[in-house]
Every structure is written in structure tokens, then in C-alpha cells.
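What follows is one structure encoded as C-alpha cells, with my remarks underneath.
The values are calculated or read from the model by the stated rules, or taken from the named source; none is laboratory data. Please read these numbers as outputs of a predicted model, since none were measured by experiment. No Cβ is skipped: glycine too gets one built from the backbone with ideal geometry, and neighbour counts run over all protein chains shown. Ligands, DNA and RNA are stripped out before the accessible areas are found, and what is left, the full protein with its side chains, is counted by its heavy atoms. Shrake-Rupley method; radii C 1.70, N 1.55, O 1.52, S 1.80 Å.
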Amino acid sequence: MNRWAAQAAENPQKIAFPEATEEKILLAARQAADAKAIVPVLVGDGAAIRAAAEEFGVDISDMEVLENSEEALRAIAAAYSAFNPLFSEKAVCRRGKDSMTYAFILQALDRVDGVFAGLVHTTGEVILAAQTYVGLKEGVSTASSIGILDVPGYEGPEGNLLAFGDSAVCVDPGPEELADIAISACQTVSDLLGWEPRCALLSFSTNGSAEHPLAQKVRDAVAIANEKRPDLAIDGEFQLDAAICPAVAAKKVSRESRVAGKANIVIYPDLSAGNIGVKLMQQFAHADAYGPLLQGFIKPVSDCSRSAPVSELVGNIIMLAVRAGRRKEQV
């Protein structure tokens, strides 16, 4: 996290916070700003934001506050209607009264570099707003998420870090959706961490050890992902131990694999497995789970768990800032 913070501080990005009356959001924005990792932009009712900051004892005197007043919305409505003709100026003025909607409109127009939400809004609400006002990348049909586990005592190929997805968005992805999640995860990990992605799709079966439609779904997803992106190291189906433990992989995977035993990304077969897996790691391994980082969108978006401590929020914000900076470098 220190390395990411230092990287973000080299080129601080403007991150919008549409839930800026929440104590944890204000504290996290303050800490990220103090690390010089971001330029916070607090979006919404200015009077309510300032009152909340005073109540919680958070100094926002050096932060920009962008109000979604009628005057501000009228000023931006024409620009957004030109950008997205599906929305009239009148519709922009009406819908922009919602702070999160306004934040995504600002992002679509490059007035801010990233949007951080999810403490008040559900993940579904964040995704719907991001899809509606920012949009998905060309060729991507599935919005999904990825997270980073920081696991004390784990000694994997990237130290104690392991990327995982999707544990927040896709409830029961089919093979095409799983393939999309894996491909997007490789891109996110490469952008954020600079790793060479090695992505394992997980199942209760390893390399055909069980015949069941649920295992076949994962095998089909691997085939689709490999056809779409043969340049990426995406493999499976693997049980978790076969994916990350070289000794187990040597016994269970009797073929060449760029991934088995050395995966740095694991993809869960559905949301039940993902949610349970992450919470097991948090509760029993005392792991920090940074994320979920939403992926598949044209511009960087980040969601957060409503139960996340401030430390995890700060980590998510810094990772969002790094992704936003990388996107600018690539454009």
C-alpha cells in the first residue's frame, strides 16, 4: 500500500466522493489527501457536507466542494447532452440532483478522474449509475469486480498479495461472463500492480477430476477466454490449492500450465463462493480485502463494502487513483 500511495502521489488524481456527508468517507478522503495520493472532490449539498465535516472533526478546508445546485447543473447539462445524446439537458438537470449521478456525469466529462462510492449506495446502484453515465469499454459486455487480498503469513508468487474476483457483482455468471471477468481482471491487475497476470478459474474440480455442469461451466469459460485472448495466462478449472500451491499443482495438474501452482489472480465460479471465500479470509486469516474495484468501464470506478473499516477505504481510494493515473498514461 505504501508503494501504491507513493505511485499515486507522483501524479495525484481528482477523485469524486458523492457520499461526502458520511464520517468514514470524510476520514478516508482526509487520510488519502494527507498522503498526497489524491485531490479530493466532495460532491453534493455543500452546506450538508461542511456541517458533517464539522460534526466529525474532519478538516476539509483544502478540499474542493462541487455542489449539484440547479445553477451548477444547468451549466453542465449542455456539455453532457452533447456527450451523450440519450439525455436531454432537462433530464441531466433532473437526474443530476442525485449526488452520485452528478459525480458520474462529471467523470464522463473528465471534470474528475475517478468516482468512489458504495458506503451508502448498494453495489448494484453504483454499477447501474456507472454504466448509464460513463459506459462500458468497447468489447466488454460484463461489468465485474476485482479485489486484492493482503493475507498475513501467505507466501505466494507476489508475497502476501492475491487478486480475486468476482465477489461483488455477477451472481451466477455463465461461461461468457466468467471469461469476461478473467480477461478484465488480468487487465486491472496489470494496470494497478504491474504484475504479469496468471489467472486461475476456480472450481471444486481440478483439470477434469469431476464431471458436473458446474465444473464444465468453468472449463468452457477457460476455453472462451483463451480463444479471445491467447496472449493472457488464463487456465483452469482448478481447486484453490492447485491454483496457488506448487506442490499440490505438481500432483493434480499433469500437463503444462503457465498458471497452476503460481496463480496471482483467482476467479470464483459465482458470487456465493466469492463472498464466502473473502469473508473466510477476513475472519480467520485476518486478511485485509481491498476492493471491490469495479472493472469493465471506460473510466475507473470503485465501490466499497458498507462494513469496510477506514483503512480499507483508504486503500481502495489509493488503488482507484493509481488506476486513474495509468488510464491517463494510456490515452
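Counted as qualifying within the stretch 213-331 are the helices (runs of 4 or more DSSP H) with 1 or more residues that are under 15 Å from Phe116 (Cα atoms), namely 310-330.
Among Ala143, Ala168, which is the only one that is at pLDDT below 95, closer than 28 Å to Ser311 by Cβ, touching a helix residue (DSSP H, G or I) at 6+ places or on another chain (Cβ under 6 Å) and open to solvent by 20 Å² or more (accessible area, probe 1.4 Å)?
The match here is Ala168.
Just one of the numbered conditions (1) touching a strand residue (DSSP E or B) at 6+ places or on another chain (Cβ under 6 Å); (2) surrounded by fewer than 18 Cβ atoms within 10 Å (Cβ to Cβ) is not true of Ile267: (2).
The number of residues in the stretch 25-48 that are over 22 Å from Gly96 (Cα atoms) and of a type outside the set (Val, Ile, Thr) comes to 11. A Cβ distance below 8 Å, combined with a sequence gap of six or more or placement on separate chains, defines the contacts here; from the stretch 56-75, residues that are more than 16 Å from Val43 (Cβ to Cβ) and of a type in the set (Phe, Trp, Tyr) reach residues that are in a helix (DSSP H, G or I) and open to solvent by 40 Å² or more (accessible area, probe 1.4 Å) in the pairs Phe56/Glu23; Phe56/Leu27.
Under the condition of being more than 18 Å from the chain's Cα centre (by Cα), in a strand (DSSP E or B) and of a type in the set (A, V, I, L, M), the residues counted in the stretch 137-175 number 0. Selection of first residues in the stretch 11-36 that are on the phi > 0 side of the Ramachandran plot and of second residues that are open to solvent by 10 Å² or more (accessible area, probe 1.4 Å), restricted to Cβ pairs under 6 Å at least 6 apart or on distinct chains, gives the following pairs, ordered by first then second residue: Lys36/Ala9. One residue stands out among those in the stretch 241-263 that are closer than 21 Å to Ile224 by Cα and surrounded by fewer than 24 Cβ atoms within 10 Å (Cβ to Cβ): the one that is farthest from the chain's Cα centre (by Cα), which is Arg255. Among the residues of the stretch 198-212, the one identified as open to solvent by 10 Å² or more (accessible area, probe 1.4 Å), in contact with a strand residue (DSSP E or B) (Cβ under 6 Å, 6 or more places away or on another chain) and either under 21 Å from Lys299 (Cβ atoms) or assigned to a loop (DSSP other than H, G, I, E, B) (or both) is Ser203.
Does the stretch 146-154 contain at least one residue that is among the aliphatic types (A, V, I, L, M) and touching a Ser or Thr at 6+ places or on another chain (Cβ under 6 Å)? Yes, the conditions are met somewhere in the stretch 146-154.
Checking the stretch 17-27 against the condition returns no match, with no residue being open to solvent by less than 70 Å² (accessible area, probe 1.4 Å), aromatic (Phe, Trp, Tyr) and over 22 Å from Glu312 (Cβ atoms).
Give the residue that is nearest to Asp191 (Cα to Cα), with candidates limited to residues of the stretch 310-329 that are free of Cβ contacts under 8 Å to residues at least 60 places away in the same chain and open to solvent by 50 Å² or more (accessible area, probe 1.4 Å). Among those that are free of Cβ contacts under 8 Å to residues at least 60 places away in the same chain and open to solvent by 50 Å² or more (accessible area, probe 1.4 Å), it is Glu329.
The residue pairs whose first member lies in the stretch 110-135 and is under 19 Å from Pro85 (Cα atoms), whose second member is part of a loop (DSSP other than H, G, I, E, B), and whose beta carbons are closer than 6 Å, counting only pairs six or more residues apart or on different chains, are Val134/Ile298; Val134/Lys299; Gly135/Ile298. In the stretch 52-61, the condition of being touching a Phe, Trp or Tyr at 6+ places or on another chain (Cβ under 8 Å) and either over 22 Å from Arg306 (Cβ atoms) or among the aromatic types (Phe, Trp, Tyr) (or both) is met by no residue.
Looking at the stretch 35-136, the strands (runs of 3 or more DSSP E) lying wholly inside it that each contain 3 or more residues that are open to solvent by 30 Å² or more (accessible area, probe 1.4 Å) sit at 64-67.
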